[in-house]
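This report concerns only the one structure given below.
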Amino acid sequence: MKTTTAQEPTTHAHTTPTTGHRGQKSVLEQAGGIKGVVYSSLPALAFVVANSVGGLKTAIIASIALALAIAVERLVRKESLMPALSGVFGVAVTAGMSWWTGSAKDYFLIGIWASLAGAIAFIISVVARWPLAGLIWNSATGKGHAWREDKRSRLYYDIATLVLAAVFATRFAVQQYLYQTDEVGSLGVAKIAMGYPLLGVGLLVVAWAARCSRKRLKAVGLLPVGRP
């Protein structure tokens with residue numbers, strides 16, 4: 001007796017890379033990686049060095065020229081356009097402030113007061129029970145606002161937000177002191193040292209808060225167990 005085996009249609013699952021969590025770029029990747037972080041510090045360094053050698057006009061030209069060169073190099077390498085343009089714009093604004101006032105230290109003025117504004121915003125968000133660390137993280141990752149329904153989960157983000165507030169407040173305190181004492185060279189060093197490295201510490205705490213919050217929400221049933 002001849003038996004025929006019915007062959008089931010074979011479906012080849014073509015796995016396409018998803019744009020979920022693997023497709024999302026980290027803060028470091030959006031900044032252009034380690035190289036992008038280094039590049040973002042170079043115009044301020046060029047400004048300080050050029051100012052000590054050739055004065056304010058030379059410093060302004062050097063910082064803007066270097067920012068433009070970095071932007072062109074990124075575009076040639078077909079990297080993200082936004083970091084390139086924002087880098088040039090930021091340097092142009094800070095250099096323009098310095099040129100307008102005629103004082104080299106005013107190159108850092110906008111960044112100093114932006115740090116104070118950031119610290120105040122973070123503190124206010126905790127008082128208002130909408131900690132910015134949780135709001136920004138969960139909005140960016142599409143997790144919604146389930147974390148706000150749990151007191152302990154919100155506490156994790158309160159802690160992370162207050163750490164970020166401390167980072168920005170420390171930046172302001174140190175750089176404002178150096179600004180008042182006309183320490184232009186030290187201002188440049190402080191801007192670089194207290195920039196991405198210090199922010200990186202704050203982001204580690206935010207990542208800790210997100211991990212603890214996710215575990216907590218799963219434990220109390222506010223987040224499906226299988227959901228990443």
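Scan region 37-46 and give yes if some residue there is open to solvent by less than 60 Å² (accessible area, probe 1.4 Å), β-branched (Val, Ile, Thr), in a helix (DSSP H, G or I) and at pLDDT below 80, otherwise no. Checked against the condition, which is being open to solvent by less than 60 Å² (accessible area, probe 1.4 Å), β-branched (Val, Ile, Thr), in a helix (DSSP H, G or I) and at pLDDT below 80, region 37-46 yields at least one hit. A count restricted to region 100-159 and to residues that are over 30 Å from Ser63 (Cα atoms), more than 19 Å from the chain's Cα centre (by Cα) and of a type in the set (Val, Ile, Thr) stands at 3. Residues in region 155-165 that are open to solvent by 10 Å² or more (accessible area, probe 1.4 Å) and touching a residue at least 24 places away in the same chain (Cβ under 8 Å): Tyr156, Asp158, Ile159, Leu162, Val163, Leu164.
Gly87: surrounded by 20 or more Cβ atoms within 10 Å (Cβ to Cβ) and among the small types (Gly, Ala, Ser), yes or no? Judged against the criteria, Gly87 is a match. The sole residue among Arg148, Arg152, Arg129, Arg171 that is without any contact (Cβ under 8 Å) to a residue 24 or more places away in the chain and among the basic types (Lys, Arg) is Arg148.
Within region 150-161, can one find any residue that is modelled with pLDDT under 90, over 30 Å from Ile110 (Cα atoms) and assigned to a helix (DSSP H, G or I)? Checking region 150-161: not a single residue is modelled with pLDDT under 90, over 30 Å from Ile110 (Cα atoms) and assigned to a helix (DSSP H, G or I).
Within region 185-217, the set of residues being within 19 Å of Ser52 (Cα to Cα), modelled with pLDDT under 90 and open to solvent by less than 40 Å² (accessible area, probe 1.4 Å) comprises Gly185, Gly188.
Please enumerate the residues belonging to region 65-84 that are open to solvent by 60 Å² or more (accessible area, probe 1.4 Å) and either within 17 Å of Leu42 (Cα to Cα) or in contact with an Asp or Glu (Cβ under 7 Å, 6 or more places away or on another chain) (or both). Across region 65-84, the qualifying residues are Leu68, Val72.
Among the residues making up region 103-118, those that are surrounded by 19 or more Cβ atoms within 10 Å (Cβ to Cβ) and more than 18 Å from Ala193 (Cα to Cα) are Ala104, Asp106. Kindly establish whether Ile136 is open to solvent by 50 Å² or more (accessible area, probe 1.4 Å), modelled with pLDDT under 90, among the hydrophobic types (A, V, I, L, M, F, W, C) and part of a helix (DSSP H, G or I). Here the answer is no, as Ile136 does not meet what is asked.
The values are calculated or read from the model by the stated rules, or taken from the named source; none is laboratory data. As the structure is a computational prediction, the values presented were derived from the model and not from experiment. Don't worry about glycine lacking a Cβ; one is built from the backbone with ideal geometry, like all the others, and counts go over all protein chains shown. Accessible surface areas use protein heavy atoms only, side chains included; no ligands, DNA or RNA. Shrake-Rupley method; radii C 1.70, N 1.55, O 1.52, S 1.80 Å.
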